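Peer 1: Starting off with a structure, shown below.
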Amino acid sequence: MNRRKTSVSMAAVVAVMLLIGGCIVPAATPAPPSAPSASPTLSGHFPTPRPQPTSEQECVQQGGQWGPQGKAGLVVCNLPTLDAGQVCTDVSQCEGTCLAGDDLAATAGQCSPYTLNFGCHAIIENGERMTLCVD
């Protein structure tokens, strides 16, 4: 029964992540163009996500946070990313997401410290600042 519960939880996490694409909303006020600067060093792409730990023990061994995540309270592992803090200009360049900083004109951000990023965050997608809300 425990294995079935884990499978259902993992399926729910995958469903939530697939729905994220519909929650990306452009910023209300377009940011003015930023001043030209040196091209940032971009992190690599992550075409294949790492396997998600299915037990608390596996999660903790990999440095993750095991417990309820998001509004639904799904019990899953939130792993630290391998590229945390690296410069990015699109969410596809990060294992988690590309978080925007405080500069509203910025066209680059930093890769998030964790793979799951519930709540509302300013992100960078295709060089544009947007707001992403994940429940």
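The values are calculated or read from the model by the stated rules, or taken from the named source; none is laboratory data. Since the model is a prediction, treat every value here as computed from it, not as a measurement. Note: ideal-geometry Cβ built from the backbone for every residue, glycine included; neighbour counts use all protein chains shown.
Peer 1: Which residues, counting only those in segment 53-71, are surrounded by 13 or more Cβ atoms within 10 Å (Cβ to Cβ) and touching a residue at least 60 places away in the same chain (Cβ under 8 Å)?
Peer 2: G70
Peer 1: When the residues of segment 25-69 are narrowed to those that are at pLDDT 50 or above and among the β-branched types (V, I, T), which ends up farthest from P113 (Cα to Cα)?
Peer 2: Per the criteria, the residue is T54.
Peer 1: Taking the condition of being outside any strand (DSSP E or B) and either small (G, A, S) or surrounded by fewer than 17 Cβ atoms within 10 Å (Cβ to Cβ) (or both), how many residues in segment 84-135 meet it?
Peer 2: Residues meeting the conditions: 18.
Peer 1: While we're here: Which one is modelled with the lowest pLDDT, of the residues in segment 70-83 that are in a loop (DSSP other than H, G, I, E, B) and under 14 Å from the mean Cα position of the chain (by Cα)?
Peer 2: G70
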